[in-house]
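Peer 1: Below you'll find the structure I mean.
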Amino acid sequence: MQNLETPYRVLILGGTTEASELARSLAGETKIAPVLSLAGRTKSPKPPPIPYRVGGFGGIEGLKAYLHDNHVEAMVDATHPFAAQMTDHAAAAAKATGVPLIRIDRPAWRPEAGDRWISVGTMAEAAKALGPEPRRVFLTIGRNELAAFRAAPQHHYLTRSVDPPDPETRPPNCTVIEAVGPFKLDDERALIADHGIEMLVTKNAGGTATAAKLTAAREAGIPVVMVERPPLPEIDTVPDAAAALSWLMERAQGT
Ligand code: NAP
């Protein structure tokens with residue numbers, strides 16, 4: 001039975017809406033002492049309402065050392081579905097140390113009637129899937145993987161990311177929008193119309209915060225190049241932050 005006077009020490013691997021939601025639920029919760037870990041990809045992240053740290057651990061060995069040195073009793077992997085390396089490292093460190101691990105696995109988007117999706121496995125395949133004819137392409141893939149589209153310089157690209165992409169990674173014809181989700185359907189419709197967008201490229205992130213672009217693309221009849229998720233290790237999963245909170249509270253109370 002957990003001693004209720006000693007808070008249960010939890011490491012949350014963050015960077016997603018779900019991680020922020022879990023952090024908000026844990027703020028002021030005396031039975032649990034959480035630390036939120038951020039990769040540091042966003043230049044000025046909004047400070048979370050719980051203790052946090054920023055930056056890599058130094059691979060699996062670094063994460064194992066962190067878990068040991070900080071007496072972590074449970075880990076929640078609430079990283080982005082495309083942050084496969086961090087998830088692999090969490091799974092390996094959990095196995096080696098015995099620290100219980102749960103992953104918040106938000107369901108992937110699925111095509112609906114009227115959708116014109118082209119599913120691909122990598123950004124390089126996404127660039128090829130745009131075809132040889134010049135198109136006006138909306139890239140909603142963040143800023144770190146734009147370089148793949150330099151292989152298809154015939155298109156005009158509209159990119160959207162929280163921070164601006166490095167100039168050397170941008171394809172030649174590129175308009176940059178800096179914006180933080182969630183995004184509204186009316187705004188997505190207007191963006192597609194105003195920029196004459198003919199194709200959309202996105203990662204299959206799932207969730208509601210950035211799903212409006214898919215509806216707007218369906219309405220406009222434009223194809224969506226969908227980069228599907230990388231394979232992840234076998235880990236117990238929960239679908240949302242509320243379920244992760246229940247999992248933690250059960251462990252903290254020793255039930
Ligand atoms: P990754 O490839 O899985 O991770 C690379 C390394 O970054 C990890 O090995 C780890 O370094 C560090 N790292 C990642 N997440 C961390 C966290 N929460 N706390 C501490 N260190 C962390 O992930 P990525 O490079 O961040 O992104 C890969 C894909 O996910 C990209 O497609 C990206 O756009 C997407 N994505 C990521 C985030 C995010 O917040 N990470 C958010 C949105 C989208 P060490 O090995 O040194 O521990």
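The values are calculated or read from the model by the stated rules, or taken from the named source; none is laboratory data. Bear in mind that the values here come from a model prediction, so they are computed numbers and not experimental data. Because the Cβ atoms are built from the backbone with ideal geometry, glycine has one as well, and the counts that use them run over all protein chains shown. Surface accessibility is based on the protein's heavy atoms, side chains included, excluding ligands, DNA and RNA. Shrake-Rupley method; radii C 1.70, N 1.55, O 1.52, S 1.80 Å.
Peer 1: So which strands (runs of 3 or more DSSP E) stay within the range 152-255 end to end and still have 2 or more residues that are touching a Cys at 6+ places or on another chain (Cβ under 9 Å) and among the hydroxyl-bearing types (Ser, Thr, Tyr)?
Peer 2: Qualifying strands (runs of 3 or more DSSP E): 156-161.
Peer 1: With more than 12 Å from the ligand (Cβ to nearest atom) and open to solvent by 40 Å² or more (accessible area, probe 1.4 Å) as the only criterion, which of Gly56, Gly28 stands out? Give the steps one after another, and end with the answer.
Peer 2: Numbers: Gly56 fails: more than 12 Å from the ligand (Cβ to nearest atom).
Going through Gly56, Gly28 in turn, the sole match is Gly28.
Peer 1: Can I ask one more? In the range 68-84, is there at least one residue being open to solvent by less than 60 Å² (accessible area, probe 1.4 Å), part of a helix (DSSP H, G or I) and away from the ligand (no atom under 12 Å from the Cβ)?
Peer 2: No, there is no match, as no residue in the range 68-84 is open to solvent by less than 60 Å² (accessible area, probe 1.4 Å), part of a helix (DSSP H, G or I) and away from the ligand (no atom under 12 Å from the Cβ).
Peer 1: Quick check on my filter: what residues within the range 140-155 are among the basic types (Lys, Arg) and farther than 21 Å from Asn204 by Cα?
Peer 2: Within the range 140-155, Arg150 is the sole residue that qualifies.
Peer 1: Taking the criterion of being open to solvent by 30 Å² or more (accessible area, probe 1.4 Å), without any contact (Cβ under 8 Å) to a residue 40 or more places away in the chain and closer than 30 Å to His195 by Cβ, would at least one residue in the range 97-110 satisfy it?
Peer 2: So far as the range 97-110 goes, yes, one or more of its residues are open to solvent by 30 Å² or more (accessible area, probe 1.4 Å), without any contact (Cβ under 8 Å) to a residue 40 or more places away in the chain and closer than 30 Å to His195 by Cβ.
Peer 1: Is there any pair with a first residue in the range 38-56 that is free of Cβ contacts under 8 Å to residues at least 24 places away in the same chain and closer than 19 Å to Leu22 by Cα and a second that is within 12 Å of the ligand (Cβ to nearest atom) and among the hydroxyl-bearing types (Ser, Thr, Tyr) whose Cβ atoms are under 6 Å apart and which are 6 or more apart or on different chains, and what are they?
Peer 2: Correct list of pairs: Arg53/Ser37.
Peer 1: Any residue in the range 214-226 that is open to solvent by 30 Å² or more (accessible area, probe 1.4 Å) and within 19 Å of Lys128 (Cβ to Cβ)?
Peer 2: no
Peer 1: Would the range 33-50 turn up any residue that is out of contact with any Gly (no Cβ under 8 Å at 6 or more places or on another chain), more than 9 Å from the ligand (Cβ to nearest atom) and farther than 30 Å from Pro164 by Cβ?
Peer 2: Yes; the residues of the range 33-50 include at least one that is out of contact with any Gly (no Cβ under 8 Å at 6 or more places or on another chain), more than 9 Å from the ligand (Cβ to nearest atom) and farther than 30 Å from Pro164 by Cβ.
Peer 1: Checking Ala126 against (1) over 30 Å from Gly221 (Cβ atoms); (2) open to solvent by less than 60 Å² (accessible area, probe 1.4 Å); (3) within 13 Å of the ligand (Cβ to nearest atom); (4) not in a loop (DSSP other than H, G, I, E, B), only one condition comes out false. Which one?
Peer 2: Condition not satisfied by Ala126: (1).
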